[in-house]
Each structure stands twice: as C-alpha cells, then as structure tokens.
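Undergrad: Here it is, the structure, as structure tokens.
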Amino acid sequence: KIDMLDFISNEKRTHYAGNLQKTNVGETVTVMGWVHRRRDLGGLIFIDLREVSGTVQIVFNPENEEVHAKAGKLRNEYVIAVTGKILAREGGNINRNMTTGEIEIEAKSLLLLNKSEPLPVQINENVLADENLRLKYRYLDLRREKLKNILLLRHEIVSAIREFLTAERFFEIETPVLMKSTPEGARDYLVPSRVHNGKFFALPQSPQIYKQLLMIGGFDRYFQIARCFRDEDLRADRQPEFTQLDMEMSFVTQAEIFDIMERLFKFIFKKTINVDLQIPFPQLPYKESMRRFGCDKPDCRFGMELIDLSEIVANSEFKVFSGALQNAGSVRCVVAKDCATYSRKQIDGLTDIAKHLGGKGLAFVKYQEGDLQAGISKFLSDEEKKNIIKKSGAENGDLILFAADSNKIVFKVLAEIRNHFGRELKLYNPKEYNIVWITDFPLFEYNDDANRWETAHHMFTLPKKEHLKYFDNEADYAKIEGQLYDMVCNGMELSSGSIRCHNIDIQRKIFDVLGFAEEELNDKFGFFLNALKYGTPPHGGIAPGIDRMIMIMTGAE
Ligand code: ASP
C-alpha cells in the first residue's frame, strides 16, 4: 500500500534556502530540502531545512493548526517543501553561525515529498561513523557539509581551469576511452571486445599518444579533463582511476610550459581558495633534489636535509660505513633536532622504517654532554666524531641518524626518515603550499630485476641535445637527461610532463634502448611512428593530477 504523501506535487521551488537574506524579509517563498534538525518546543516547532546551498530555519506556529500537526510528524531527513513568509530574527534570536541566521521562514504550508528511515550513518560532523560504513552509504556521507564542500570546490577548480585555458587559446578536446594501449609504465585495464573475438581494448593510462596526434593534426594547444586508468597496487595517493588535467602545446619550450602552469595554478588558488601563490616556482634539478632530500618529490616546507659523510668515514674502522663505500655506496645522515632523548623503543620504530624499505638497519648517535654518545659512537674515532659534528651542523641535544648502503637504499631510507620527522616534529606549516619544479631527470633507468633499460617517465620524451651523443654507447645511457619535469607540492607529485620527440630518428633510438624488436614495435607503435613522418611540430605537455590537487587544497587524506 502506497503511503499517501505529497510526493506527486507540482509545487515549484522559488529560492535556494541557503541564499535567503535579510533583504528577503516580507517575501513569500517556497523552499525544498531535507529536515536537518527538529526542535519541538511544545508550542512552536523549529525545523532546519538543508539543501546544497545551506540551511534555513523554519518555524511552525500552533495557530496554523493543520500545518503544525503535520510538522509534528516530521523526522530527520524527511524531504519537504515549505511555503512561508520570511521574518527577521531579532536580538538574541539571531544565529551568527548560520549564513541565514538573521531570518527565518514562518510556514504557511508544508508538503511531505518523501520520508526517510532512521539513517544507518549519522551525518553529524562531530561523530564520524566507521569509514567502511560511510563508504557503503556513500550517498548519505555526501550529505555531510565537509564532503559536499570538497566536491563543490572541485567543480569550481575545474571551471577555473576551463576559464583560464580557454583565454590562453587552448581547445578542450575529448579522446577515446576504449583504445589501443599507450604504455605509461603501469598495467593496462583491458576490456574484451565482443565483435573481435579474443581481442581487447585497453583503457587509457593517459591520453598521451592521442594528444600528440592532436598536435600532429595541427590543434596547437589542447587540454582535457581526462580520466586515466592504471591497474596498480593501491597506495594512499593512488587509485585505479583518476583524473588529470591533460595538456599539450605545439611550438613550445619548457620555460613557456612552466610559465603557463605557474599562472594557471596562481589563478586557480586565488580564485577558488583565495590563496596567493608566489610565482615563478623554484626549480630543483633532479640530482640536487636527490642529494639534498633523497627523493624526487621533496617536501621543501622544511629543512633537515641529507648530509653526505662518505669522505669523512671512508677509512672508518666501522665496517658498516667503510664497507658501504667500498661497494660504491655512500654514508649519509640526517639530524633530528632535540631528539637525543629518544627512547630505545622510538629508535627501534625508525629502524623498522629503514628495514621495511630494504635497509639493513639504521645507525644512530646522540649528541649529549658535548660528545657523540650511545648507538654506534663507540666505533667512531675522535677525529671522525669531530668531523661528523662539523659537517652535519648537529648541536647538543640532537639525534643523528645514518644510512650506509647503496645510494638507492640510502636515499630511500633517509628520505622517508626525514618525512617521518617532518610529521612527528611538526616541522612545517600544514597551511603552506610549497610548489617546486623538479627538472633534468634522467631519460632512462636500468631495471636490475628485469635486466633492461626503462624510461624514467615515458618513452616519448626528447633527450637534451648535448646528450644525444650518449646514445652511441650503452655504458653512457644513464647519463642521458630528458627535457622532463615534475611539479611537486608539499612532497606530493602533482604533475609530470616533458618536451616530446617530434623527430622520428630520435624516437626510434629511444625504442631501441628499450629493446623493442622490430615486429613488436610495428605492432605497438607502427601507427605512431608513421604519424611522425608527416611534418610533426615540436611539442610538449604536462598533466596535473586533479584528485591530488583537490586533496592538497582541502587538506583531505
Ligand atoms: N601522460 C603523462 C602522464 O600521465 C603526462 C605528460 O607527460 O603529459 O604522466
């Protein structure tokens, strides 16, 4: 039996609830939304009506008997339409916490558009339900103010992107989602074809090849709010599908791309969250970033940089140090300010981090009473101690943590330890947005497990002109740097991009290094190599991750 509600109604909404102001006093309006809160004061009934624009207070007077009786039956999250007159609230009745707190609606009529069962998750901000439950009832969780605001901000950011790029003569163009694979270093998602038995479409890891084809097609400047799919293991900042602002430009230099991106970000931050970004963003060559921070996505909001002690301990009696150096590794440290008081247990925690990352352990000393004590101090000569103090800049009360291993492990471990202390010691201002460019990446990296060369970013990147000579000799491949760049914000990679190979011979050389056999090359990239033959303009691009951007801008995890 159908409960006779008012749900089939032709009532028209006249106003958004959250927009009502003192200037509307005296008007008769119709608002629609959910019963957010209900207070029954015996005589008067107060309802906070909520919808996307905000909340407004509605008052039901007992004199209006029929409507008042109906209001008495309302429960949280019932959906209603109310017509009534806007009254000004006076003195102590004004609610400064509500944007509509200076007015209320005196109800003349009430329609019950739908009922709601008691909610399985509360949408009260103060008592957050378990996350699994919130995800199961995502549509209810989205009614929460905080989540709503994040999605609305996302809309504003995307609108700002469109506004800015359109003014800069970019064209928004869509590219296919059921496609031929564009390798970007991850695994493809595949979709079986019904028509071509036994064959599969790939979902795009990014529209990389398409955007390059658009440049060959003469479109000059392209962008797309593009969905990308990568079948990768999940991590805190990774998910199977994500959205990029995908961009590509013809006849463009790296410096011009940086300039456009800096102005774009400045525009977005100002327009949507009223934050003034300082531009241009600093540039940090890859090698320097590794040396100072141990990684290519450094959080530059704080110091605690890595210090190379290799020279100082080259001939140390302490075999862990000298051994690492004999194996072409290094010995480096970080200094944790005022942490000499760390307990055994706390230091064990740090050692676990190091081991988890493939390190053998984490050596430490405490700078106390004017001397390096505890940990590995007994293995160090006085001379070594003196030099370590001098080079590291450590002071009384500090804890020094060492990694001695291959450079790869040393960097990995100390970068993570540094980030750990950044959080633990609150070394940065969580409200700061620190954006840096990382430049001059190597084009290739050797994959020891697979025994082959791989590209550090992707295989369509133009090498530096002065490094073309290194293609002649495999021993030199690691020296080849590409016109490759990342934009990093607060330790998170926000965008990657590059100037592309528009020359077929260089593109072929890159495929050679990667070890493609002719047949495989033709099968996978024949169409693309073919396209490069017909007057391809110089071009380059970049693709900021929109989800990560929103995470950073809203402080979400
Ligand atoms: N397609 C690249 C990526 O998804 C971005 C680019 O180089 O423009 O990382």
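The values are calculated or read from the model by the stated rules, or taken from the named source; none is laboratory data. For clarity, every value in this text was computed on a predicted model and none was experimentally measured. Every residue, glycine as well, gets a Cβ built from its backbone with ideal geometry; the counts of neighbours run over all protein chains shown. Protein only, heavy atoms only, side chains kept; ligands, DNA and RNA dropped before computing areas. Shrake-Rupley method; radii C 1.70, N 1.55, O 1.52, S 1.80 Å.
Undergrad: Let me have the 222 nm mean residue ellipticity of the chain computed from DSSP H runs of 4+ only, each contributing -39500 (n - 2.57), with the sum over all residues rounded to the nearest 500.
TA: Helix-only estimate at 222 nm: -9000 deg cm²/dmol.
Undergrad: Quick one: if the Förster radius is 35 Å, what FRET efficiency do F46 and R138 give, using the C-beta to C-beta distance and rounding to 0.05?
TA: According to the calculation, E is roughly 0.70.
Undergrad: Now for a separate question. Distances over 16 Å make up what percent of all Cα-Cα pairs in the stretch 416-517?
TA: Everything past 16 Å amounts to 63 percent.
Undergrad: Let me ask another. Can you tell me the mean projection area, over all orientations, of the convex hull of the stretch 215-307's alpha carbons? Units nm², please.
TA: 9.0 nm²
Undergrad: Within 10 Å of each candidate Cβ there may be at most 16 other Cβ atoms; applying that plus a DSSP loop requirement, which chymotrypsin sites (Phe, Trp or Tyr not before Pro) in the stretch 508-557 survive? Walk me through the intermediate numbers first.
TA: On the way: sites: F511, F516, F525, F527, F528, Y534; in loops: F516, Y534.
Sparse-neighbourhood loop chymotrypsin sites (Phe, Trp or Tyr not before Pro): Y534.
Undergrad: Of K345/K386; K431/K464; K148/K266; K136/K266; K345/K426, which ones are farther than 31 Å apart at the Cα? Walk me through the intermediate numbers first.
TA: Working: K345/K386 28 Å; K431/K464 37 Å; K148/K266 24 Å; K136/K266 37 Å; K345/K426 20 Å.
Going by Cα-Cα distance, K431/K464; K136/K266 fall outside the 31 Å limit.
Undergrad: Quick one: if you stick a label point 7 Å off each Cα along the C-beta vector at E557 and F527, how many nm between them?
TA: If labels sit at E557 and F527, their model points lie 4.4 nm apart.
Undergrad: What do you get for the angle between helix 382-392 and the principal long axis of the chain? Use alpha-carbon atoms, 0 to 90 degrees, nearest ten.
TA: Helix 382-392 and the main axis of the chain meet at about 40 degrees.
Undergrad: Also, I was wondering about something else. At 1.4 Å probe size, with the rest of the protein present, what percent of the exposed accessible area of the stretch 86-192 is carbon and sulfur atoms?
TA: Using a 1.4 Å probe with all protein chains present, the stretch 86-192 comes out at 52 percent carbon and sulfur.
Undergrad: Which lysines, if any, have their Cα less than 23 Å from the Cα of K85, not counting same-chain residues under 8 positions apart?
TA: K12, K22, K70, K73, K108
Undergrad: Averaged over every viewing direction, what's the projected area of the C-alpha convex hull for the chain? Give it in nm², one decimal, please.
TA: 36.4 nm²
Undergrad: Moving on to the next point. Using only C-alpha atoms and all pairs of different ones, pull out the Kirkwood radius for the stretch 269-350 in Å with one decimal.
TA: Computed over Cα pairs of the stretch 269-350, the Kirkwood hydrodynamic radius comes out at 16.2 Å.
Undergrad: Separation between the E172 and R96 pseudo-spin-labels, each 7 Å from Cα along Cα→Cβ, expressed in nm?
TA: Between E172 and R96, the label points sit 4.1 nm apart.
Undergrad: How are the alpha carbon pair distances in the stretch 69-220 distributed across 5 Å bins from zero to the largest one, expressed in percent?
TA: Histogram of Cα-Cα distances, whole percents per bin: 2, 7, 8, 8, 10, 12, 11, 9, 9, 7, 7, 6, 3, 1, 0.
Undergrad: Separate question: Output the Cα-based Rg and Dmax of the stretch 166-212 in Å, rounding Rg to one decimal and Dmax to a whole number.
TA: Computed over the Cα atoms of the stretch 166-212, radius of gyration and Dmax are 13.6, 46 Å.
Undergrad: What's the carbon and sulfur percent of the stretch 377-492's accessible surface, probe 1.4 angstrom, rounded to a whole number?
TA: 46 percent
Undergrad: Of all the stretches in the chain, which is the longest one without any exposed loop site, taking trypsin sites (Lys or Arg not before Pro) in a DSSP loop (any state but H, G, I, E, B) with at most 11 other Cβ atoms within 10 Å?
TA: Values: sites that count: K1, K12, K73, R75, R96, R169, R194, K199, K426, K431, K533.
With a cap of 11 other Cβ atoms within 10 Å, the longest stretch comes to 200-425.
Undergrad: Calculate, in nm to one decimal, what F219 and K22 gain on full extension: separation in residues at 0.36 nm each, minus their alpha carbon distance.
TA: Going from the current span to full extension adds 65.8 nm.
Undergrad: Still on this model: Rg (Å, one decimal) plus Dmax (Å, integer) for the alpha carbons of the stretch 161-289?
TA: 17.4, 55
Undergrad: So how tilted is helix 254-273 from the main axis of the chain? Cα-based, degrees 0 to 90, rounded to 10.
TA: 30 degrees
Undergrad: Still on this structure, I have one more. Relative to the longest principal Cα axis of the chain, at what angle does helix 504-513 sit, 0 to 90 degrees, rounded to 10?
TA: Value to nearest ten degrees: 70.
Undergrad: Using the 2.2 N^0.38 Å rule of thumb for compact globular proteins, work out how the stretch 316-462 stacks up: its C-alpha Rg over that value, please.
TA: After normalising by residue count via 2.2 N^0.38 Å, the value is 1.21.
Undergrad: Once the principal axes of the Cα atoms of the stretch 219-268 are found, what is the range along each, listed largest first in whole angstroms?
TA: Result for the stretch 219-268: principal-axis Cα extents of 36, 25, 18 Å.
Undergrad: Then there is this: Rolling a 1.4 Å sphere over the protein heavy atoms, what is the accessible area per residue of the stretch 157-258, to the nearest Å²?
TA: Heavy-atom accessible area per residue stands at 53 Å².
Undergrad: Note down the nm distance, to one decimal, between modelled labels 7 Å out along Cα→Cβ at Q326 and at S116.
TA: Going by the 7 Å Cα→Cβ label model, 7.1 nm.
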